[in-house]
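Novice: Please find one structure pasted underneath; my questions will follow.
The values are calculated or read from the model by the stated rules, or taken from the named source; none is laboratory data. Remember, predicted model here, so these are calculated numbers, not experimental data. Positions of Cβ are backbone-derived with ideal geometry, glycine not excepted, and every protein chain shown enters the neighbour counts.
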Amino acid sequence: MATTYDLERDGLRGLNRALHALAGSTPNEAWEVVNPRGSHAIAVGLDAPVDVTVRGSTGYYCGGMNKQATIRVAGSVGPGVAENMMSGTVIVDGDASQYAGASGHGGLLVIKGNASSRCGISMKGIDIVVHGSIGHMSAFMGQAGNLVVCGDAGEALGDSIYEARLFVRGSVKSLGADCIEKEMRPEHLDLLAGLLERAECDAKPEEFRRYGSARKLYNFKIDNAY
C-alpha cells in the first residue's frame, strides 16, 4: 500500500526529506504525492529503489539527480525534468518543457507527450524516449546515450553532437553542425526495439532513421577560424 503525501498541506521540504531518508536502503515501497499544483523540485536527489507517483503537473527539475527511483508524473512537467539523472526511471504521462533530461548520465526518461526545445542537451549516457515530438536544439552536444523521438524533431537536431545516438520516426526540420543521417544497422534495430518496449511504445524500429556525429569537429581546422 502506498504512502500518500499531501504536498499542499505538508510542504515540499518534508517530502524530499522523507524520500532522502530512504537512501542506502531497499524499501520496496510506494509513495503517492497529491496536490503538487505545479511545485518545483519534487522528488529530487533520490537514491533508493522507491516508486513515487505524482498526481498532477509539476514545475521545474522534477526528478532531478535521480538515482535508482522510479518516478511517474501523472501530468506534465516544467523545465529540466530528470536533469542530471544517474539511474532509475522517470515517466511523464503528459508534455515536458525545455531541456528534459539535460546532462543525464544514465537511467531512462519517458515522455508520453511532446518535449520542448533542448531535449537531451549535453546528455551523457541517459536514454530518452519521447512518444511525441521535440523542439529545436535537442541533443545539443550530446555525448552518450540514446534519444528516441516517435514524432518530429525541430531545428538544429544534434548540433555539435559527440557520440549520442538519435532515432527519429518523423521529419527533422534541420540538422545541427556535424550531425548527419547514419545507416541503421541490425544492432541499432535491436537497441531501438528494447528502448521502445521499455517505454511502452508500439512504434516499429524499422520506421525510424538514425542520426549521429560526422566527427568533423573533433580536431581543429584552421579553415574554420575564418
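Novice: Identify all residues within segment 65-82 that are crowded, with 23+ Cβ neighbours inside 10 Å and either in contact with an Asp or Glu (Cβ under 7 Å, 6 or more places away or on another chain) or more than 11 Å from Val52 (Cβ to Cβ) (or both); write none if there are none.
Specialist: Pass one, segment 65-82, residues crowded, with 23+ Cβ neighbours inside 10 Å: 66, 69, 71, 73, 77, 80-82.
Passing the criteria: Val73, Val77, Gly80, Val81, Ala82.
Novice: Could you please let me know if Lys182 is of a type in the set (D, E, K, R), touching an Asp or Glu at 6+ places or on another chain (Cβ under 8 Å) and over 27 Å from Ile71 (Cβ atoms)? Let's see the steps before the verdict.
Specialist: On the way: of a type in the set (D, E, K, R): yes; touching an Asp or Glu at 6+ places or on another chain (Cβ under 8 Å): no; over 27 Å from Ile71 (Cβ atoms): yes.
For Lys182, the condition - of a type in the set (D, E, K, R), touching an Asp or Glu at 6+ places or on another chain (Cβ under 8 Å) and over 27 Å from Ile71 (Cβ atoms) - is not met.
Novice: Only residues that are farther than 17 Å from Ala96 by Cβ and touching a His at 6+ places or on another chain (Cβ under 8 Å): list them for segment 149-171, please.
Specialist: Result: Glu155, Ala156, Arg165, Phe167.
Novice: Any residue at all in segment 1-8 that is modelled with pLDDT of 95 or more, surrounded by 13 or more Cβ atoms within 10 Å (Cβ to Cβ) and closer than 20 Å to Asn84 by Cα?
Specialist: no
Novice: Do you know which of the residues in segment 52-64 that are in contact with a strand residue (DSSP E or B) (Cβ under 8 Å, 6 or more places away or on another chain) and under 12 Å from Leu109 (Cα atoms) is surrounded by the most Cβ atoms within 10 Å (Cβ to Cβ)?
Specialist: Gly63
Novice: Please list, ordered by residue number, the strands (runs of 3 or more DSSP E) wholly in segment 109-201 having 2 or more residues that are charged (D, E, K, R).
Specialist: Numbers: elements: 124-130, 144-149, 165-168, 179-182.
Qualifying strands (runs of 3 or more DSSP E): 124-130, 179-182.
Novice: Only residues that are among the charged types (D, E, K, R) and over 14 Å from Asn84 (Cα atoms): list them for segment 9-68, please. Break it down stepwise before answering.
Specialist: Filtering segment 9-68 for residues among the charged types (D, E, K, R) gives 9-10, 13, 17, 29, 32, 37, 47, 51, 55, 67.
Listed by number, the residues that qualify are Arg9, Asp10, Arg13, Arg17, Glu29, Glu32, Arg37, Asp51, Arg55.
Novice: Considering only segment 155-171, how many residues are within 26 Å of Ala193 (Cβ to Cβ), touching a Cys at 6+ places or on another chain (Cβ under 9 Å), of a type outside the set (D, E, K, R) and surrounded by fewer than 24 Cβ atoms within 10 Å (Cβ to Cβ)?
Specialist: 1
Novice: If Leu196 satisfies all but one of (1) more than 15 Å from the chain's Cα centre (by Cα); (2) touching a residue at least 24 places away in the same chain (Cβ under 8 Å), what's the number of the condition it fails?
Specialist: Leu196 satisfies every listed condition except (1).
Novice: Another question, if that's okay. Looking only at segment 167-185, count how many residues are in contact with a Lys or Arg (Cβ under 7 Å, 6 or more places away or on another chain) and among the hydrophobic types (A, V, I, L, M, F, W, C).
Specialist: Matching residues across segment 167-185 total 3.
Novice: Limited to segment 132-154, what total is found for residues that are surrounded by fewer than 22 Cβ atoms within 10 Å (Cβ to Cβ) and touching a strand residue (DSSP E or B) at 6+ places or on another chain (Cβ under 6 Å)?
Specialist: So the answer is 2.
Novice: Can you tell me which of (1) crowded, with 22+ Cβ neighbours inside 10 Å; (2) more than 20 Å from the chain's Cα centre (by Cα) is the one Ser174 doesn't meet?
Specialist: That leaves (1) as the condition not met.
Novice: Only one residue in Val44, Val50, Val34 is out of contact with any Asp or Glu (no Cβ under 7 Å at 6 or more places or on another chain) and of a type outside the set (Asp, Glu), so which one is that?
Specialist: Values: Val50 fails: out of contact with any Asp or Glu (no Cβ under 7 Å at 6 or more places or on another chain); Val34 fails: out of contact with any Asp or Glu (no Cβ under 7 Å at 6 or more places or on another chain).
So the residue among Val44, Val50, Val34 that is out of contact with any Asp or Glu (no Cβ under 7 Å at 6 or more places or on another chain) and of a type outside the set (Asp, Glu) is Val44.
Novice: Next question, about the same structure. Can you tell me which residues in segment 19-42 are surrounded by 13 or more Cβ atoms within 10 Å (Cβ to Cβ) and more than 20 Å from Gly59 (Cα to Cα)?
Specialist: Filtering segment 19-42 for residues surrounded by 13 or more Cβ atoms within 10 Å (Cβ to Cβ) gives 19-20, 22-23, 27, 29-36, 38-42.
Matches in segment 19-42: Leu22, Ala23, Pro27, Glu29, Ala30.
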